[in-house]
Every structure is written in C-alpha cells, then in structure tokens.
Amino acid sequence: MAEISRNAGESGSRSGRIGIGLELDATHLKILQVLRENGRISVAALAERVGISRANAYTRFEALRADGAIKRFTAEIDHVRAGLGITALIFVTVRQQMWKQFRAELARMPEVEYCAITTGQHDAMIQVRVSDVAEVHTLVTDRLAGIPAVKATETVFILDEVLKRPYVLPSDGPRPQRRQAPDPSPAEVPLGKMRFVGAAEGRAALKKE
C-alpha cells in the first residue's frame, strides 16, 4: 500500500506524512474534503468530484483507510433532538500523583463526550452533554467531587455552538496572495513599445500657447 501511495502522489505537491508512510498530496486532501461533506458518497461520485478516475479514487481511498488517515465512519446527531440540550465544559485540577485513577473514573462516565489534558490554570477540560442543568450539578458536586484524584473544578455552560467542523485540513488555511509586479521604470520599458503616462495634476487648466 505504501508503494501505491508513492506512485499516486507524484503528480501533486507533498503536504504531509502520516501513519506508516502515506504521503498526502493535493488529491488526498481533496478526497478528505469531499468525505467531510458526505461520508457515504459512492466511489464513482467521489472520483467525479475530485477529478480523477474511479480506479484512482478507490486506490487512494483504501490507502487512506489502511494507513489510518481515515480512522472510522460514524453518524453525526442533533443532540437537542436526542434529548441532550445542555452542554457544559468542566475544567478540572487533578492531583498529580493520581492521573491513572482520574482517567479510569472518567471512562465510567457516559455523559463525557470529550476530555483533553491542557496547559494553564487547570489540568484537564471535560465536555459533557446532558438533558438538564441539574444533571451537571450532580455530575460535578457528587461524582467528580467524590473522586480523590480531583482537586478542584470550574464549570462553564455553553450557550450556543457557533461552529463545529468534523475535522480541519492543511488545505483549509488561507492561500497566500500573489504580489503584483511593480510597473517598470522608464529605463526598463522594452525597446519598440509605448508607455503611457497620466497627465500631471492641473495640466488641463493650462492655456494653450
């Protein structure tokens, strides 16, 4: 699979290396962009959107899966419709000698959607989704506070999720703008070509001699 990836990437610019050695080029990134919009798209439609052959699209797609660039496919739900209308961030200060216990207890909490170790005032950030504010209160004051590894917590409620992308790609960044070439000086005008210069300010008001 690595050999296939090297051959497929010769036509595009190399922008990254992932997994066991697959080299991501512009076509790989385009495939990931299309899959971000529709993860159930057919190979034929994927090939048409990316502008490559169906065989090439299938080879590249399977290479992305085998290499681990694409980990899995899952459904995205509407949490409010599912009955989880309250989202909160809980910042946790952990007793440094008890990280193992903290991780183990957190894994037993199905309300926790995401947890990350952070820098700054707190040690970890937890995102939870529940049905009402009372559940957040119970989670923080009873369950988290009852874990010996937890030293302190700070809770922030999310009022509105303005933007949430499935994932971002290197190609999502702003493209550098090309600088326009400056006008050539009079000495640089090619021989045999004319260069027009605007009339000086106030020249039109001069009287003809």
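So the values come out like this:
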quantity	calculated
Virtual spin-label span in nm between Tyr167 and Val112, 7 Å along Cα→Cβ	2.4
Three-way shape call for the stretch 28-113 based on the alpha-carbon gyration tensor, with the a/c threshold at 1.5	prolate
Karplus (6.51, -1.76, 1.60) ³J(HN,Hα), θ = phi - 60°, over the stretch 114-131, in Hz, Gly and Pro reported as x	7, 9, 9, 7, 10, 8, x, 5, 10, 9, 8, 10, 10, 10, 10, 10, 9, 8
Over the stretch 28-72, relative contact order from alpha-carbon pairs under 8 Å, at least 6 apart, %	31
Pairs of lysines in the stretch 24-170 (C-alpha under 26 Å apart; 8 or more residues apart or interchain)	5
Sequence of Phe91, Phe73, Phe61, Phe102 when ordered by accessible area, the most exposed leading, probe 1.4 angstrom	Phe73, Phe91, Phe61, Phe102
Normalised contact order of the stretch 48-154, rounded percent, pairs of Cα under 8 Å and 6 or more residues apart	31
Top positive-direction residue, dipole computed over the stretch 34-105 with Cβ charges, set Phe73, Phe102, Ala63	Phe102
Separation in nanometres of the label points that stand 7 Å from Cα toward Cβ, at Ile158 and Thr138	2.2
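The values are calculated or read from the model by the stated rules, or taken from the named source; none is laboratory data. Please read these numbers as outputs of a predicted model, since none were measured by experiment. Note that we place each Cβ from the backbone using ideal geometry, even for glycine, and neighbour counts take in every protein chain shown. Surface areas here come from the heavy atoms of the whole protein model, side chains and all, with no ligands, DNA or RNA. Shrake-Rupley method; radii C 1.70, N 1.55, O 1.52, S 1.80 Å.
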